[in-house]
1. Anything in region 62-76 that is under 18 Å from the mean Cα position of the chain (by Cα) and within 28 Å of residue 45 (Cβ to Cβ)? List them, or say none.
2. So if I check each of 32, 45, which one is in a loop (DSSP other than H, G, I, E, B) and at pLDDT 50 or above?
3. Among residues belonging to region 21-72 that are more than 22 Å from residue 257 (Cβ to Cβ) and in contact with a helix residue (DSSP H, G or I) (Cβ under 9 Å, 6 or more places away or on another chain), point out the one that is surrounded by the fewest Cβ atoms within 10 Å (Cβ to Cβ).
4. Given the conditions (1) over 20 Å from residue 46 (Cβ atoms); (2) touching a residue at least 12 places away in the same chain (Cβ under 8 Å); (3) in contact with a strand residue (DSSP E or B) (Cβ under 7 Å, 6 or more places away or on another chain), which single one is not true for residue 262?
5. Hey, any hits in region 107-118 for a residue that's in contact with a helix residue (DSSP H, G or I) (Cβ under 8 Å, 6 or more places away or on another chain), crowded, with 16+ Cβ neighbours inside 10 Å and within 22 Å of residue 239 (Cα to Cα)?
6. Name every residue in region 219-240 that is assigned to a strand (DSSP E or B) and modelled with pLDDT of 90 or more, in order of residue number.
7. Every residue in region 284-325 that is more than 29 Å from residue 49 (Cβ to Cβ) and either surrounded by 19 or more Cβ atoms within 10 Å (Cβ to Cβ) or in contact (Cβ under 8 Å) with a residue 60 or more places away in the chain (or both), please.
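The values are calculated or read from the model by the stated rules, or taken from the named source; none is laboratory data. What you see is a predicted model, and the numbers here were worked out from it, not measured in a lab. FYI the Cβ positions are ideal-geometry reconstructions off the backbone, even for glycines, and counts take in every protein chain you see.
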């Protein structure tokens, strides 16, 4: 009987957790540096292999708060038309991403892109591991505008560690605490569209598009099983040249996860040549973030600090997010991306 009560309580707790945290996919403050992590249509968008890794500690000071780590890699197949200087080194005194570059920007030839992303998200007793292979096709619509469509297919493994559960005064069979981590593995898919040119981008993507039932009881107990829900993202950004050395890039992301209200995030990024940048973002009714980063040769590094304006601020010391990226096989004369900024 105790085992039955314990299993029932475990599933009830999971159901409540899934309902309260309807946003089941992690948040990324620096998504603007790696839109591939939310949109598979980005696969192969550049002329090099793009490798990135990120680590995010959310709500520092709160026990068992979410911790997210990811690794991503993607690149183009049969892509031609790379622009370089004769020696692949920048002309002295000239900004390789200055006004002349963007005035002469040309859409890349039609090509394919492939990639892989692995995301681990841990919050209390729950762990969420997603691994997807992605594919995208990039089709030029005119001389300087391209539309890409992408698909991601992989697995999602939701794990539950009973040892981290607290049932209060309820007597629970010890087998609940000693059964090890319970895993539920299922199909996971994402899809996206991305329209880009020299001065703007528009993206639309969906994650977790195949809803799945979450049940750790092997079908023996079903008080109210949880379900995964689709996550919809819309992104847009525009590049403004400020003189010859600065780019100002305002952007916005709109996220919808039923039944949570639509979430809007506004980002501002100021970039000096291809070397360094500062940024800030505001998430409606949630908080602010400051960001900074540098590009050293073919290595990118970024840091973000989130300050929440919700009641969690009474207990949290903020959120820290670190990102590092490598541009493998980059033929451009600097470390600045061309089509994703």
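1. If the condition is that a residue be under 18 Å from the mean Cα position of the chain (by Cα) and within 28 Å of residue 45 (Cβ to Cβ), then 68, 69, 70, 71, 72, 73, 74, 75 are the ones that fit.
2. 45
3. Here the answer is 52.
4. (2)
5. no
6. Keep residues of region 219-240 that are assigned to a strand (DSSP E or B), which gives 226-227, 231-238, 240.
Answer for region 219-240, where residues must be assigned to a strand (DSSP E or B) and modelled with pLDDT of 90 or more: 231, 232, 233, 234, 235, 236, 237, 238, 240.
7. Once the filter is applied, which keeps residues that are more than 29 Å from residue 49 (Cβ to Cβ) and either surrounded by 19 or more Cβ atoms within 10 Å (Cβ to Cβ) or in contact (Cβ under 8 Å) with a residue 60 or more places away in the chain (or both), region 284-325 yields 287, 306, 308, 312, 315, 316, 317, 318, 319.
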